[in-house]
Amino acid sequence: MGREMAEEIRICLVRHGKTEGNVRRGYIGCRTDEDLCERGRKELETYKSEGRYPAAERLYRSPMKRCLQTAEIIWPELLGAETCRVVEDFRECDFGAFDGKSYAELSGVPDFQHWVDSDGMGAFPGGEDPKDFRRRTSDAFLAVTEELFADGIRNAAFAVHGGTIMSVMAEFGDPEKSYYDWHVWNGDGFLVTVSEQDWRRTHRFRRIERLLPVEDTEG
């Protein structure tokens, strides 16, 4: 019966709320475990009060504080052991020597210019190769999706990072777009719907909705 109920599932992917590092446009990866800033908390509370985030039966989140605190605001009822899963491989990319620094702080740094010249595709000095990051997050998402179908879950929520969402959408989104084309601002994300039959055949999302109106996001 459970598997029959989960023939179609809805997955809500939310980028965590703003941190101080996000406000100053820093490269905030897995080495910087920041709290949400007050502005970030208030924005999430406003979006929630507007009904932007759907209810869910199970929550998956990155291990980092900003994702936990986002989940505490949006889905506090799902934080118990029975309904919440912490997925280590959903953590943000390791930006290595760039972690915690802003574009302005890195401007003129040879290693940073070399990375920019690679169209953001090169490995971060002392950090992670973007290809490895995308693979680990996509593989983790595949494993979680199998769990959702197996457990008969129809509505799932993900409190994760912008990079994690871009990796998942670039790998499974339809129509196909590049990694950076799937960028979302803090508190925004996507609601995707998949049927088990279609997922087995294509591993593509067929129905994709943006959580926030364009005018409510930063340009």
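Please treat every number below as a calculation from the coordinates, not as lab data. Computed from a predicted structure; not experimentally measured. Positions of Cβ are generated from backbone atoms using ideal geometry, with glycine treated the same way; all protein chains shown enter the neighbour counts.
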task = Among what's in segment 161-219 and is without any contact (Cβ under 8 Å) to a residue 60 or more places away in the chain and among the polar types (S, T, N, Q), pick the residue that is nearest to SER49 (Cα to Cα).
result = THR217
key: Matching entry among SER118, SER107, SER102 (being of a type in the set (S, T, N, Q) and touching a Lys or Arg at 6+ places or on another chain (Cβ under 9 Å))   = SER102
task = Please go through segment 126-178 and pick out each residue that is touching a helix residue (DSSP H, G or I) at 6+ places or on another chain (Cβ under 8 Å), under 16 Å from CYS30 (Cα atoms) and acidic (Asp, Glu).
result = GLU128
ask   = Among all residue pairs at least 6 apart or on different chains, which show Cβ distances below 7 Å where the first residue, located in segment 41-59, is without any contact (Cβ under 8 Å) to a residue 60 or more places away in the chain and the second is assigned to a helix (DSSP H, G or I)?
value = ARG41/ILE73; GLU45/ILE73; LYS48/ILE73; LYS48/ILE74
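If you go through segment 43-65, how many residues are hydroxyl-bearing (Ser, Thr, Tyr) and closer than 24 Å to ALA81 by Cα?
The initial filter retains those residues of segment 43-65 that are hydroxyl-bearing (Ser, Thr, Tyr), namely 46-47, 49, 53, 60, 62.
Restricting the remaining residues to those that are closer than 24 Å to ALA81 by Cα gives 53, 60, 62.
Total meeting the criteria: 3.
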ask   = So is ALA123 hydrophobic (A, V, I, L, M, F, W, C), surrounded by fewer than 19 Cβ atoms within 10 Å (Cβ to Cβ) and in contact with an Asp or Glu (Cβ under 8 Å, 6 or more places away or on another chain) or not?
value = yes
query = For segment 92-113, how many residues meet the condition of being assigned to a helix (DSSP H, G or I) and surrounded by fewer than 19 Cβ atoms within 10 Å (Cβ to Cβ)?
reply = 9
ask   = What are the residue pairs meeting all of these: first residue in segment 10-31, first residue hydroxyl-bearing (Ser, Thr, Tyr), second residue buried (at least 23 other Cβ atoms within 10 Å of the Cβ), Cβ atoms under 8 Å, and 6 or more apart or on different chains?
value = THR19/ILE28; THR19/LEU36; THR19/GLY40; THR19/ARG66; TYR27/PHE95; TYR27/PHE98
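I want to confirm something. Restricting to segment 131-140 and keeping residues that are surrounded by 14 or more Cβ atoms within 10 Å (Cβ to Cβ) and free of Cβ contacts under 8 Å to residues at least 40 places away in the same chain, which single residue is farthest from the chain's Cα centre (by Cα)?
ARG135
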